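To start, the structure under review is shown below, and the notes come after it.
The values are calculated or read from the model by the stated rules, or taken from the named source; none is laboratory data. Quick caveat, the model's predicted, so the values are computed rather than measured. Cβ: placed from backbone, ideal geometry, glycine included. Neighbour counts: every protein chain shown. Side chains included, ligands, DNA and RNA excluded: accessible areas come from the protein's heavy atoms. Shrake-Rupley method; radii C 1.70, N 1.55, O 1.52, S 1.80 Å.
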Amino acid sequence: MTQNGMGAVGSGGALWASLSSAWRRAYEEAWESFRRGNYGIGAALVDGAGNVVSSGRNQVVSAPDDQRLGGNYMAHAEMNLFAGMATYDAQGFHLTSTLQPCLMCAGTALFLNVDSISYAAPDEFFANLDDLWPHHPYTAERAVPTSQGMNGPLASFARLLPLSHTFATLPDSPQAAVARRAHPDLSDVASDGDFVSRLRSHRTVEAAIDSTLSRLTP
């Protein structure tokens, strides 16, 4: 399920074509979240054959619609995905998310027996989160193998979407300060209101990725 997302400037279509169905669904959910004024995070749950069995998007600002949670800080992409599962047990399923799951979402994945987690971009605010699990027998036994499945411009794009929301709504927050230290160049792009507004005008995530490559690739 790991794909590196590398590509040359102007090859947004090629990058998109290289993605598995799970990654495409996660990015599509993230894009819909972003366009609706939320954090721009998406997630997909797949079975062992790679078939998407559930998906979700961050909906902390928007009211619930086809997503079960909305309008509060529980409405993370992964939580909406879990709420839409047809079963109460995710054993045998793999979680793909555009951003590294937070404490709430990672804990829920652990509780529901998710087999593995792959994320496109790390969330520096939750760095070393997995170090918590060995300190309790329950979490140590259920700890979910977690890895970054993207790098290059697709990873940067996945981080850009939620980062732009953070800078627009919480510019003086601890999260914004940590992000600026971790990603100074990307933070400059994410805090450019005119750029973000133009980005949101694209109709598809594929077009949006293509339009940002010149800002995400050295």
- What angle, in degrees between 0 and 90 and rounded to the nearest 10, separates the Cα long axis of helix 152-169 from the longest principal axis of the Cα atoms of the chain? 90 degrees
- Query: Measuring from a point 7 Å past the Cα of residue 116 along Cα-to-C-beta, which residues in the range 82-103 have an amide N at less than 18 Å?
  - Reply: 90-101
- Item | the range 201-206 - phi-based ³J(HN,Hα) in whole Hz, Karplus 6.51/-1.76/1.60, Gly and Pro as x | 6, 5, 7, 10, 5, 4
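Under 1.5 on a/c is rounded, so check that first for the range 140-218, then, if it is not, pick prolate when a/b is larger than b/c and oblate when it is not; a ≥ b ≥ c are the square roots of the alpha carbon gyration tensor eigenvalues. Before the final figure, lay out each step's value.
Details: a/c = 1.95, a/b = 1.30, b/c = 1.51.
Oblate, since a/c reaches 1.5 and b/c is not below a/b.
Could you work out the local net charge near residue 75, counting Lys and Arg as +1, Asp and Glu as -1, over the other residues with Cβ closer than 10 Å to its Cβ?
Values: positive: 57, 68; negative: none.
Spelling it out: positives minus negatives among the neighbours equals +2.
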- Query: Farthest toward the dipole's positive end in the range 105-218, which of 156, 201, 113, given Cβ charges of +1 (Lys, Arg) and -1 (Asp, Glu) about the Cα centre?
  - Reply: 201
- In terms of modelled amide H atoms, which long-range or inter-chain residues lie less than 5 Å from the amide H of residue 99? 42, 120, 121
- Message: Let's see if you can work this out: charge +1 on each Lys and Arg Cβ, -1 on each Asp and Glu Cβ, no other charges. What is the dipole magnitude of the range 66-153 about its Cα centre, in debye to the nearest 20?
- Response: 140 debye
- Query: Under a point spin-label approximation (7 Å from Cα along Cα-to-Cβ), what is the residue 147-residue 201 distance to one decimal in nm?
  - Reply: 4.1 nm
- Quick one: helix 21-35 against the long Cα principal axis of the chain, what's the angle to the nearest 10°, folded into 0 to 90? 60 degrees
- Compute the signed sum of charges (Lys and Arg +1, Asp and Glu -1) over the other residues within less than 15 Å, Cβ to Cβ, of residue 181. -3
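Under unit Cβ charges (Lys, Arg +1; Asp, Glu -1), what dipole magnitude, rounded to 20 debye, does the range 91-218 have relative to its Cα centre? Write down the numbers at each step before the final one.
Values: 8 positive and 13 negative charges, 48 e Å.
Once rounded to the nearest 20, the dipole reads 220 debye.
Under the 0.36 nm per residue contour assumption, what length would be gained going from the current alpha-carbon distance of residue 140 and residue 89 to full extension?
Working: separation 51, 0.36 × 51 = 18.36 nm, distance 1.82 nm.
Extending this stretch completely gives an extra 16.5 nm.
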- On the accessible surface of the range 60-218, probed at 1.4 Å, how many percent belong to carbon and sulfur atoms? 54 percent
- Note the direction-averaged projected area, equal to a quarter of the hull surface, for the Cα convex hull of the range 1-144, in nm². 9.0 nm²
- In terms of the charge dipole of the chain, which places +1 on Lys and Arg and -1 on Asp and Glu at the beta carbon, the residue among 99, 87, 165 farthest towards the positive end is 165
- Mind checking the dipole of the range 1-104: about its Cα centre, +1 per Lys or Arg Cβ, -1 per Asp or Glu Cβ, Debye to the nearest 20? 200 debye
- With a cut-off of 15 Å, note down the residues of the range 44-60 whose backbone N falls inside the zone around a label point 7 Å from the Cα of residue 21 toward its beta carbon. 44-55
